[in-house]
């Protein structure tokens, strides 16, 4: 989360964690999430998987690949 948003505040991380805990505890919030259309869920999944892919490619690009002894 820090790498994608570049937000390094401990309060923002705590607020995001608190929000996830609230969603997990309260069933009406979970039911609200299940009312989302499939296209919205799929679009969000595409964005999340794209971000994960870009982070992976960035990690590979930062690693020196021509160093002797690396396999």
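Quick note: the coordinates plus some simple rules give every number you see, no bench work behind them. Computed from a predicted model, the values in this text were never measured in an experiment.
On full extension, the segment bounded by residue 26 and residue 5 gains 4.9 nm, given 0.36 nm per residue less the C-alpha separation. Calculate how steeply helix 38-62 sits against the longest principal axis of the alpha-carbon atoms of the chain, using the helix alpha-carbon long axis, and give the answer as 0 to 90 degrees to the nearest 10. Roughly 20 degrees, rounded to the nearest 10.
In whole angstrom, the chain maps to an equivalent ellipsoid with semi-axes of 34, 18, 10, each derived as √(5λ) from the alpha carbon gyration tensor and ordered largest first.
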